[in-house]
Amino acid sequence: MNGPTVDDPVPDAADASADAHAHAPSGEATVPDPPRQLRLVAAVGVVVVILDQLTKTWALRALADGPIESIGSLQFQLLYNTGAAFSMGSGKGLGPWVSLLAIVVVVGLSLGYTSRFRLGAVAAGLIAGGAIGNLIDRAFRGDAGFLHGAVVDFIDLQWWPVFNVADASIVVGAGLLVLASLRSPSR
């Protein structure tokens, strides 16, 4: 007879646990990896992109006539970055390569092991949102064609390179990613 009969026992959690012990190397139970928290990655990323694009739109309008002084050394000054982070490589055609690298990083972080945990998912979302925010600028804020635009930077501390919300999100996300990788259980 094929299939279970009425007399066959139904496997329960204890049987499944015993089965896991039987198939684990050196008698240890295997614990399945938690699922990736892609919804959290996406939600954080979307919030970052929206905040980044809204603040850049404000900067383009409010700072067109010159910088605005704020408290301490903080001022808001409109700059356009065609290079890599902190304007390195401006004018050397690095913008499209930075954009390509950003896409690879976004996919890698979203599918990475740390995105299985809340802190890692938030970190991945911050980095992804920042990368996408700057990628939107490179794609659409320029006259030289698709992916040859400039990133809008406007937060000037006067003792640090001028940056934007996307840049800040990437830096904070990278720090959180380091913490998440230290806290993640080894595989």
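Return P(r) of the range 34-183 (all Cα-Cα pairs; 5 Å bins starting at 0; whole %; ordered from short to long distances).
For the range 34-183, the pair-distance distribution reads 2, 11, 18, 21, 19, 14, 10, 5, 1, 0, 0.
Between ARG141 and residues 5 or more places away or on another chain, which pairs have amide H atoms under 5 Å apart, with H built 1.01 Å from N, and which residues are they?
GLY149, ALA150
On full extension of the chain, what length is gained from LEU157 through TRP58, given 0.36 nm per residue of separation minus the C-alpha to C-alpha distance?
33.8 nm
Pick out, from LEU78, ALA180, ILE68, the residue whose Cα sits farthest towards the positive end of the charge dipole of the range 34-183, with +1 on the Cβ of Lys and Arg and -1 on the Cβ of Asp and Glu.
The residue sitting farthest along the positive end of the dipole is ALA180.
Bear in mind that the values in this text are calculations on the coordinates, not laboratory data. Not measured: the values here are computed from a predicted model. All Cβ positions, glycine included, derive from the backbone under ideal geometry; neighbour counts span all protein chains shown.
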